[in-house]
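Undergrad: I'd like to ask some things about the structure below.
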């Protein structure tokens, strides 16, 4: 018995040795990613992860950065702030990553940012739009626009393109993201001459929205702004159409998931949301990215979060290449110097607040089954 | 072969002798020391993990008083924790702003920041205990499912109320700090607890030393309660309320006492969590968190203190160990729980403690030894 075990153990060693022999001489550079790979916002984390993996695959195929391959360490957060803190501490302290990518949800980025800041490890959030995220310190960056701009873009689109001057707002009061974006939309919408006819709240994960929708129906809005996440929005859309509300729905990048159309089906058709990118945007970079992504991940069309994950990783790689060393302060300076980076989600310049300044895309859900279709671009400032 | 019930009652009726009193103390002290060492030598991830284990252990041991010993099925334990967390967090955060003019962590082993934390912990625990009294009162008339619904409702009320609070004073903006220190009461009157975003930026004074000291205190208190006349009253209420009443036990008094004690220590657990570098959000008061604590208590055995501590360790560490299997880790976790319930329906230790079980096992394996 013991002999058999010994033989097995020896056999098991062979691939390890073979792998060690095949490795290139330079040590790989380890980067970290933490995201909600499970839980109610699972598609966010999975898409981001895919985007990052695609970027790593491509750079490693080209021989890595200065001869060093990129290695990814990834931990699941379940969409839980405590898990996010643990995951990032593990990445920074145990795995000694040079930089951290993540998270999607602003709340989790806020929970983990102090860990990176204290350890002087740069963190790039691909898609946390709450303004407070990068205020955690000078090591925290993001490659997406922030909520004040997204709210403005939504308000501009509603008043300008749609000529909808009466809006109802339905906010998930349990989500920091939704509360912040909702506030910004209301502020800008009234500034642009619109009128908020009804403000309703719900709690994320609720199943019945009849009470709120009845109040909204009575107020007769031209448009309903719902800055929530896709699971709830899908349910709201179905119930709103059942109640005879025909006004189009408008939302933010929290809608960006293929799950939304699966939940809401035709109820979501003709609704709009502001996003980081649209898959049918007339841009050579986008076309190339989508082709690569479809090839790598079994014909899935990448959503905005995948694109942002891809951009965040590539900005990090560019910075690693330009940085004097892999030490935190040097890498931080290199990331902060990012200017006019040609990303899939637009040209990215990091401003002095470490936020990305770039355009916002408005997308319509059209067709059967509803697919995101590019409508227009709202430029920054 | 004596039945399990006989063994249980025997264990309870035995007067606690010296080793029995010192054992939990010693165990906790050793464990705490080991944690400290681990934290020092293994780097910070393990340290963070140990902090969460300790806090979870306090939460589980405190819930064990009301769910395990007194048999009152409370599903609002996370609500008490959140109350303690918010009171403690606000005390330290706003106290630091007033005293140090910043919310940054003050260096040193012991300074006024630590005093603030201790005041906050006590205040949080007392507020939680007061709310425990309020929730304990309806438990006089309600039993089983109905009590569960009331306590569940309590947690949800706390969650929704916390979501309505106004933004907190930004500790990184000198102008906001100045405005706050000029008129602290006016600012505090609008309850600046940061709504759905969660209260953040609380200086992390709760190191493993502090947390594991409190684990020791909680375990000792719980153990003394279990072995006291109150503890026996709790157990008798759990087994049969009518019989307990017939034996002259004041149901009202003991049920409320169980709730207040449990809420007090839950408040401490919450306060420590807020000081361990974790953002406190309203979600932490919701039923999902309460379920997690219930799972730990049931896993460890309803009524077993050492069981609750052990289960808390497993509950925090297992998902971390299972990271490599990605999406399936939560499935495996659930499977482990189910198989546990099928194989050992009374939990790891039942109502007994680890030191009641280990010597017994040893005695059974020795041939000729009297059981």
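Undergrad: Using the structure shown, decide if residue B:122 is part of a helix (DSSP H, G or I) and more than 14 Å from every other protein chain (Cβ to nearest Cβ).
TA: yes
Undergrad: Kindly indicate whether residue A:157 is closer than 20 Å to residue B:194 by Cα, modelled with pLDDT of 90 or more and more than 16 Å from the chain's Cα centre (by Cα).
TA: Here the answer is no, as residue A:157 does not meet what is asked.
Undergrad: Please state which one of B:123, B:129 is closer than 30 Å to residue B:238 by Cβ, touching a helix residue (DSSP H, G or I) at 6+ places or on another chain (Cβ under 7 Å) and modelled with pLDDT of 90 or more.
TA: Within the list B:123, B:129, the selection yields B:129.
Undergrad: Restricting to region A:64-113, give me the number of residues that are facing chain B (nearest Cβ under 9 Å) and over 22 Å from residue A:174 (Cα atoms).
TA: Here the count works out to 11.
Undergrad: Could you tell me whether residue A:235 is closer than 23 Å to residue A:174 by Cβ, more than 19 Å from the chain's Cα centre (by Cα) and in contact (Cβ under 8 Å) with a residue 12 or more places away in the chain?
TA: yes
Undergrad: Is there a residue being more than 30 Å from residue B:234 (Cα to Cα), touching a strand residue (DSSP E or B) at 6+ places or on another chain (Cβ under 7 Å) and within 13 Å of another protein chain (Cβ to nearest Cβ) anywhere in region B:172-184?
TA: No, region B:172-184 contains no residue that is more than 30 Å from residue B:234 (Cα to Cα), touching a strand residue (DSSP E or B) at 6+ places or on another chain (Cβ under 7 Å) and within 13 Å of another protein chain (Cβ to nearest Cβ).
Undergrad: Given the criterion within 14 Å of chain A (Cβ to nearest Cβ), in a helix (DSSP H, G or I) and in contact (Cβ under 8 Å) with a residue 60 or more places away in the chain, identify the matching residue among B:264, B:291.
TA: Within the list B:264, B:291, the selection yields B:291.
Undergrad: If residue A:205 passes every condition in (1) away from chain B (no Cβ under 14 Å); (2) surrounded by fewer than 24 Cβ atoms within 10 Å (Cβ to Cβ); (3) within 26 Å of the chain's Cα centre (by Cα) but one, which one does it miss?
TA: Failed condition: (1).
Undergrad: If the requirement is being under 20 Å from the mean Cα position of the chain (by Cα) and not in a loop (DSSP other than H, G, I, E, B), which of these qualifies: A:277, A:310?
TA: The conditions single out A:310.
Undergrad: Where residues in region A:35-56 are touching a strand residue (DSSP E or B) at 6+ places or on another chain (Cβ under 6 Å) and not in a helix (DSSP H, G or I), which of them is farthest from residue A:74 (Cα to Cα)?
TA: The selected residue is A:38.
Undergrad: Something else: Only one of these is surrounded by fewer than 23 Cβ atoms within 10 Å (Cβ to Cβ), assigned to a helix (DSSP H, G or I) and touching a residue at least 24 places away in the same chain (Cβ under 8 Å): B:94, B:146. Name it.
TA: B:94
Undergrad: Shifting gears a bit: Which numbered condition in (1) away from every other protein chain (no Cβ under 14 Å); (2) over 11 Å from the mean Cα position of the chain (by Cα) is the only one that residue B:45 fails?
TA: Failed condition: (1).
Undergrad: Same structure again: Among B:274, B:334, B:269, which is the only one that is closer than 29 Å to residue A:172 by Cα, out of contact with any strand residue (DSSP E or B) (no Cβ under 9 Å at 6 or more places or on another chain) and within 14 Å of chain A (Cβ to nearest Cβ)?
TA: B:269
Undergrad: Only one residue in A:178, A:174, A:155 is in contact (Cβ under 8 Å) with a residue 40 or more places away in the chain and farther than 22 Å from residue A:341 by Cβ, so which one is that?
TA: A:178
Undergrad: Residue under question is residue B:324, and the condition is that it be within 14 Å of chain A (Cβ to nearest Cβ) and over 24 Å from residue B:150 (Cβ atoms); does it hold?
TA: yes
Undergrad: Looking at B:303, B:270, B:277 in this structure, which one is in a helix (DSSP H, G or I) and either buried (at least 24 other Cβ atoms within 10 Å of the Cβ) or in contact with a helix residue (DSSP H, G or I) (Cβ under 8 Å, 6 or more places away or on another chain) (or both)?
TA: B:270
Undergrad: Any idea which of (1) surrounded by fewer than 24 Cβ atoms within 10 Å (Cβ to Cβ); (2) part of a loop (DSSP other than H, G, I, E, B); (3) touching a strand residue (DSSP E or B) at 6+ places or on another chain (Cβ under 9 Å) is the one residue A:104 doesn't satisfy?
TA: (1)
Undergrad: Of these, B:319, B:324, which one is closer than 30 Å to residue A:118 by Cα and modelled with pLDDT of 80 or more?
TA: One residue alone meets the criteria, B:319.
Undergrad: Does residue A:306 satisfy the condition of being in contact with a strand residue (DSSP E or B) (Cβ under 9 Å, 6 or more places away or on another chain) and buried (at least 24 other Cβ atoms within 10 Å of the Cβ)?
TA: Answer is no for this residue.
The values are calculated or read from the model by the stated rules, or taken from the named source; none is laboratory data. These figures come from a predicted structure and were not determined experimentally. Neighbour counts are summed over all protein chains in view; Cβ atoms, including those assigned to glycine, are modelled from backbone coordinates with ideal geometry.
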